[in-house]
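The values are calculated or read from the model by the stated rules, or taken from the named source; none is laboratory data. Model, not experiment: these values are computed from the prediction. Please note: Cβ atoms are built from the backbone with ideal geometry, for glycine as well, and neighbour counts cover all protein chains shown.
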Amino acid sequence: MNRLSRHSAISLLSFLFSAICFMTLSAEEFYLVEVRSGDTLHKLSEKYLEDPSRWPELHEYNNALIRDPDLILPEMTIRIPYRYLREDIEVARLKEFKNDVRIRESGEQSWSRASAGFGFKVNDGIRTASNSYAEIEFERGSSVRIDENSMVFLSEREKVVALRRGRIRCGVGVITDSALIEPPPGTRPDFLARVSDDRSTQVRVLKGEIFIENEGERVLVTEGRELNVKFGEPPDENLITRSAPGVMSGNQLSAVGEFHLQVSSDEDFGSVIIDKKYSVPETAGEFWNGLSRRTSEIIRTRNLEGFFSHIKLSSAEYPDEDFLKEGRYYWRLLMIDYLGVKNILPGRGLVISRALPEFDISFPNRADEINMILLRGRTGENFEVYINGDRARKRGSHFAVYLKLEEGDNTVRVEVRDTSGNLNVRKYNVSLNGGRVRAESGD
């Protein structure tokens, strides 16, 4: 073998050895850590390997990225082999939860009840039942709010979660079956992510911007925009739409949280006069939709008590009757779920009126042979009319009622109630003499 051939053989063996080493490294599983300002290999080794002197091992697995072990830069992603990772390392903690929340530790099959302050390790999972909620917090302050009927796992990447079902609100990376959601480096956006039954992913950006990737395609979704990514299909930037201004139907609402009844003097709610807080019932969706049906028209009332009664909400501690002057107002319900999402039942009209309802009435000059008379009159189209306690028939604004008189003096009481609850009562002294009728207004 000549000198050139021997050199080629050595080069080939060296290449094969390097390739084998590369494949071995590539097949290994890693926990990924994003470098922050002030981090060093020494500090990372102490935190994740429990031994600061093992920093050369971190350098070994990241030497393609880190040329100078004394210099690592923010936003670099450091690989730490799982077999090196200390067993007790916690990547997040359970900050708070409500009702039925379960946790499954990595390698376990069963789910156990959550406990306050639980420390999550890589691949641990958390799930919430109906009317339940949880929030987990990462070491560096980012958090993930988990809505009811959701399931989330802690990813092998730092500050990344895998959303298997349900809905979350966060500013960290999210992996689903149909999308990889990543904040741009160095940013802290705020967005909602939801996985549907068909495994598609819906994302709404509340603040900042995020990248969404699937099937080799990547798009940028900015603040106030949303996108639906179907399973097995790339994200399409042409399908990015502007988010609706917080309006959602009842069956999309979380059944936890609170809502506010607001009354404003302007339709844009720039001048909120009343902001009354309520707890949300467990059947929030049914309650919300039922209230929507009850409030499809303008509400007219003489005071706030009548208003609260109409919408079937507690009026405890409502202001006195004269709190709102007569005039037109607007009201709405503002739902705030445990993800901090505001869902609005759009503003409706509210008219406060204390004016007595007007009406005209006419008495005939004669009664029939059995002393019956037909009273006729006119008032507001939706007003109720009662004559001596009997409800008058109405057609539009006109009303009529048959009334039997006694020979001699009679009293006729006319009550008219408008849609604001205002009641106008008039009494008439009516005499009947030989079939002739004479009516005069009483006191």
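With the structure loaded, tell me whether Asp236 is modelled with pLDDT of 90 or more and out of contact with any strand residue (DSSP E or B) (no Cβ under 8 Å at 6 or more places or on another chain) or whether it fails that test.
no
Residue under question is Ser130, and the condition is that it be touching a Gly at 6+ places or on another chain (Cβ under 8 Å), in contact (Cβ under 8 Å) with a residue 24 or more places away in the chain and either assigned to a strand (DSSP E or B) or not assigned by TED's automatic domain parsing to the domain that holds Pro74 (or both); does it hold? The answer is no for Ser130. Check off (1) surrounded by 20 or more Cβ atoms within 10 Å (Cβ to Cβ); (2) within 20 Å of Asn343 (Cα to Cα); (3) aliphatic (A, V, I, L, M) for Leu206 and give me the number that stays unchecked. Failing condition for Leu206: (1). Given the condition surrounded by 10 or more Cβ atoms within 10 Å (Cβ to Cβ), in a helix (DSSP H, G or I), touching a strand residue (DSSP E or B) at 6+ places or on another chain (Cβ under 9 Å) and modelled with pLDDT of 85 or more, answer yes or no: does some residue in the range 78-94 qualify? For the range 78-94, residues surrounded by 10 or more Cβ atoms within 10 Å (Cβ to Cβ), in a helix (DSSP H, G or I), touching a strand residue (DSSP E or B) at 6+ places or on another chain (Cβ under 9 Å) and modelled with pLDDT of 85 or more: absent. Close contacts from the range 314-341, counting a first residue that is closer than 28 Å to Glu96 by Cβ and a second that is at pLDDT 80 or above and part of a loop (DSSP other than H, G, I, E, B), with Cβ to Cβ under 8 Å and a gap of 6+ residues or different chains, come to Asp337/Asp147; Tyr338/Asp147; Leu339/Asp147. Among the residues making up the range 391-403, those that are surrounded by 13 or more Cβ atoms within 10 Å (Cβ to Cβ) and part of a strand (DSSP E or B) are Lys394, His398, Phe399, Ala400, Val401, Tyr402, Leu403.
Being buried (at least 18 other Cβ atoms within 10 Å of the Cβ), in contact (Cβ under 8 Å) with a residue 40 or more places away in the chain and either in a loop (DSSP other than H, G, I, E, B) or acidic (Asp, Glu) (or both) is not true of Glu137. Of everything in the range 407-423, what is within 59 Å of the chain's Cα centre (by Cα) and surrounded by 17 or more Cβ atoms within 10 Å (Cβ to Cβ)? Give them in sequence order. Val412, Val414, Glu415, Val416, Arg417, Asp418, Thr419, Ser420, Gly421, Asn422 - these are the residues of the range 407-423 that are within 59 Å of the chain's Cα centre (by Cα) and surrounded by 17 or more Cβ atoms within 10 Å (Cβ to Cβ). All told, Leu345 falls short of being of a type in the set (A, V, I, L, M), within 24 Å of Asn433 (Cα to Cα) and surrounded by 13 or more Cβ atoms within 10 Å (Cβ to Cβ). Here Glu34 meets the list (1) within 16 Å of Val152 (Cα to Cα); (2) acidic (Asp, Glu); (3) in contact with a strand residue (DSSP E or B) (Cβ under 6 Å, 6 or more places away or on another chain) almost entirely, failing just condition (1). Just a yes or no: is a residue in the range 184-195 without any contact (Cβ under 8 Å) to a residue 40 or more places away in the chain, among the aromatic types (Phe, Trp, Tyr) and buried (at least 21 other Cβ atoms within 10 Å of the Cβ)? Scanning the range 184-195, I find at least one residue that is without any contact (Cβ under 8 Å) to a residue 40 or more places away in the chain, among the aromatic types (Phe, Trp, Tyr) and buried (at least 21 other Cβ atoms within 10 Å of the Cβ), so the answer is yes.
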